[in-house]
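Input: a single structure, listed below in structure tokens.
The values are calculated or read from the model by the stated rules, or taken from the named source; none is laboratory data. A quick note: this is a predicted structure, and the numbers were derived from the prediction, not measured. Every residue, glycine as well, gets a Cβ built from its backbone with ideal geometry; the counts of neighbours run over all protein chains shown.
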């Protein structure tokens, strides 16, 4: 077992320390606290990296975002329909 600091893991993975803190808080990376400081077992980190290679990433469906004007136009259209619907009642 080789215990390392967040700085060492950051350098090893080539990510910012703030990214690592985020991963730690979301329990995405193996870690533990030692006297209140986050520490990592380098062997577990290396295994975690190797496991990450085998995970298949599913592409996300890309949805077209509506523009703000389209949202406003939709709201206005619904409001007009509501008014006309109330007049007919």
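Quick rundown of the values:
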{"item": "Tally of residues being assigned to a strand (DSSP E or B) and under 14 Å from residue 43 (Cβ atoms) across the stretch 1-33", "result": "3"}
{"item": "Long-range neighbours under 8 Å by Cβ, at least six apart or interchain, first residue at negative phi within the stretch 55-84, second at pLDDT below 75", "result": "74/66"}
{"item": "Count of the stretch 29-42 residues which are surrounded by 13 or more Cβ atoms within 10 Å (Cβ to Cβ) and out of contact with any helix residue (DSSP H, G or I) (no Cβ under 7 Å at 6 or more places or on another chain)", "result": "3"}
{"item": "When residues of the stretch 37-51 are limited to those that are touching a residue at least 40 places away in the same chain (Cβ under 8 Å) and assigned to a helix (DSSP H, G or I), the one farthest from residue 9 (Cα to Cα)", "result": "43"}
{"item": "Cβ-Cβ under 9 Å pairs, at least 6 apart or on other chains, the stretch 13-34 side free of Cβ contacts under 8 Å to residues at least 24 places away in the same chain, far side assigned to a loop (DSSP other than H, G, I, E, B)", "result": "20/29; 20/31; 22/28; 23/15; 23/29; 23/31; 24/31"}
